[in-house]
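Written out below as structure tokens is the structure these notes cover.
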Amino acid sequence: MNAADVIYLPETPAHDPEIDHINEEAFGPGRFTRAAYKIREGGPCERALSFVATYGGVVIASVKMTRIAAGKGRGLMLGPLAVRPDYMNVGIGRKLVRMALEAAHKAGAPAVILVGDEPYYGPLGFKRIPRGQMSMPRPVDLDRLLAVEFETGAVAKLTGMVDHEDLATEGERLKLAALAEA
Ligand SMILES: CC(C)(COP(=O)(O)OP(=O)(O)OC[C@H]1O[C@@H](n2cnc3c(N)ncnc32)[C@H](O)[C@@H]1OP(=O)(O)O)[C@@H](O)C(=O)NCCC(=O)NCCS
């Protein structure tokens, strides 16, 4: 394959079936039980900040971004990131992560978090989130909670349980409504 012929595009609904297939191949049925999957179930992903790599018109890799909230902090969660086995180790994964980070930064996201391997994501700018600062809706290895900060102090504000931002906003709205009624 010629890496120069790989085309990177923002994700659209037309890519969904191929992306599902790539994630099934990469993570198997266990993907539905992951903490990050549970958070993503809480609302839509950000299509404009999510990207696919195509080769000969076929989707060969994907990265998604989802808005999240934890405590007073807001940000994006990167993932899943997956590359089809025939196309691994030629830089496609790293390129997708860099594109997603650049788009997130331009869109004004204060921080981007993920659950992943530090040896892979560290050189792309991710650092460990201090253990115990944040918790996930399902068990994760806390050393795999990583973040990139675009706004100073943005990661420190991410405390407690991580949720999809839409759920957190709805929770806040209900709390305020209950207070107004009391
Ligand atoms: C992890 C993954 C996305 C990497 O994509 P890729 O396009 O193959 O990776 P790149 O070409 O950008 O980078 C390759 C380099 O990363 C290294 N690498 C790959 N996976 C790694 C991991 N989990 N931890 C550390 N290094 C890793 C490779 O050894 C290679 O190193 P080199 O450049 O020194 O040779 C891909 O292997 C994949 O889809 N894996 C299955 C799904 C998965 O694990 N996704 C990540 C979830 S957090």
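The values are calculated or read from the model by the stated rules, or taken from the named source; none is laboratory data. Just so it is clear, the model here is predicted, and its values are computed rather than measured. When we count neighbours, we look across all protein chains shown, and the Cβ atoms used for this are built from the backbone with ideal geometry, even at glycine. These accessible areas exclude ligands, DNA and RNA; they are computed on the full protein's heavy atoms, side chains included. Shrake-Rupley method; radii C 1.70, N 1.55, O 1.52, S 1.80 Å.
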Checklist line | Solvent-free Debye scattering, log10 I(q)/I(0), computed from the Cα coordinates of the chain at q = 0.09, 0.11, 0.19 Å⁻¹ | finding: -0.32, -0.48, -1.33
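With every protein chain kept in place and ligands, DNA and RNA left out, what is the accessible area per residue of segment 3-181? Probe 1.4 Å, answer in Å².
Details: 9360 Å² over 179 residues.
Result: 52 Å² of accessible area for each residue.
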Next item on the list: Treating the angle as unsigned and between 0 and 90°, give the value, to the nearest 10°, between the Cα long axis of helix 165-181 and the longest Cα principal axis of the chain.
Entry: 10
Checklist line | For Thr12, net neighbour charge (Lys/Arg +1, Asp/Glu -1) across residues whose Cβ lies under 15 Å away | finding: -3
Next item on the list: Would you mind checking the tilt of helix 92-106 against the longest principal axis of the Cα atoms of the chain, expressed as 0 to 90 degrees and rounded to 10?
Entry: 40
Checklist line | Sequence of Val115, Val155 from largest to smallest accessible area, 1.4 Å probe | finding: Val115, Val155
Next item on the list: Mind giving me the nanometre distance, one decimal, between the label points for Glu18 and Asp117, set 7 Å out from Cα along Cα→Cβ?
Entry: 2.5
Checklist line | With all protein chains modelled, accessible area of Tyr8 [1.4 Å, Å²] | finding: 60
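Got a sec? What order do Asp16, Asp86 fall in by accessible area at 1.4 Å, biggest, i.e. largest, first?
Reading off the accessible areas and sorting them downward yields Asp86, Asp16.
Which entries in the list Lys64/Lys175; Lys127/Lys175; Lys38/Lys175 go over 27 Å, if you measure between the two C-alpha atoms of each? Walk me through the numbers before you get to the answer.
Details: Lys64/Lys175 30 Å; Lys127/Lys175 33 Å; Lys38/Lys175 23 Å.
Over 27 Å apart, Cα to Cα: Lys64/Lys175; Lys127/Lys175.
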Notebook entry, point to check: So how far, in whole Å, is the C-alpha centre of segment 61-83 from the one of segment 107-159?
Noted result: 10
Next item on the list: Give me the angle, in degrees from 0 to 90, between the Cα long axis of helix 16-27 and the longest principal axis of the Cα atoms of the chain, rounded to the nearest 10.
Entry: 90
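Full extension from Ala182 to Asp5: what is 0.36 nm times the residue separation minus their Cα-Cα distance, to one decimal in nm?
On the way: separation 177, 0.36 × 177 = 63.72 nm, distance 6.19 nm.
Between Ala182 and Asp5, full extension yields 57.5 nm more.
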Notebook entry, point to check: Does segment 89-130 come out rounded, prolate or oblate by the C-alpha gyration tensor, with a ≥ b ≥ c the root eigenvalues, rounded set by a/c under 1.5 and, if not, prolate when a/b is larger than b/c and oblate if not?
Noted result: oblate
Notebook entry, point to check: Using a probe of 1.4 angstrom, how much of the accessible area of the chain is carbon and sulfur, in percent?
Noted result: 55
